[in-house]
Amino acid sequence: MARAKRIEPTPSPTPVNSEQHESLCNHCGKCCYQKIIVGRTVYLTPFPCTFLDTHTNMCTVYDRRHELNPDCLSIETGMKHSAFPSDCGYVVEMAPKKYKPARDDFDWEGEWEDIDEIADDLGVSTEIRGLIRTRGPKARPMYDEAFERIQATPSLVDLARAKKSS
């Protein structure tokens, strides 16, 4: 069984919040899913943050995310701990040379009997755990489904960006 190890956020001496940095986000949603560390590799789990709208891949408390979710990683901390996948806009533009991106190809089907134990280790809410259980081990990741919707409906991206900037 994969032993879930949480990535601990660390305070950032110089937070990155400029519009230029924010514009790098492609709204894939992957950064808003819990991660586990297996060996020396970071994997995305099927467990979204409580504050993620899984239909739009948008944070519902974006301006207060670090206050309301102390486990929400800054860009700097995420880079330090390899928490972002290779297709993340921040990785493409800002990753250090030897950055090892988080992976989204963990065999959840093979670990399904232990999914509740992994959820316990990560402190996943009963509501989210139930959602993941209902979807089952063969379900496509919710972030992929939302990203497809966003890409198919460009106006959703515009609405999301407008909502974020307001």
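Just so you know, all these numbers are worked out from the coordinates, no wet-lab data involved. What you see is a predicted model; the values in this text were computed from it and never measured. Because the Cβ atoms are built from the backbone with ideal geometry, glycine has one as well, and the counts that use them run over all protein chains shown.
Numerical summary
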{"item": "Label point distance in nm, residue 127-residue 113, each placed 7 Å from Cα along Cα→Cβ", "result": "3.2 nm"}
{"item": "Kirkwood Rh, angstrom, region 19-165 [1 / mean 1/r, Cα pairs]", "result": "15.9 Å"}
{"item": "For region 19-165, size of Cβ-based charge dipole, Lys and Arg +1, Asp and Glu -1, in debye", "result": "440 debye"}
{"item": "Environment charge at residue 47 (Cβ cut-off 10 Å; Lys +1, Arg +1, Asp -1, Glu -1)", "result": "+2"}
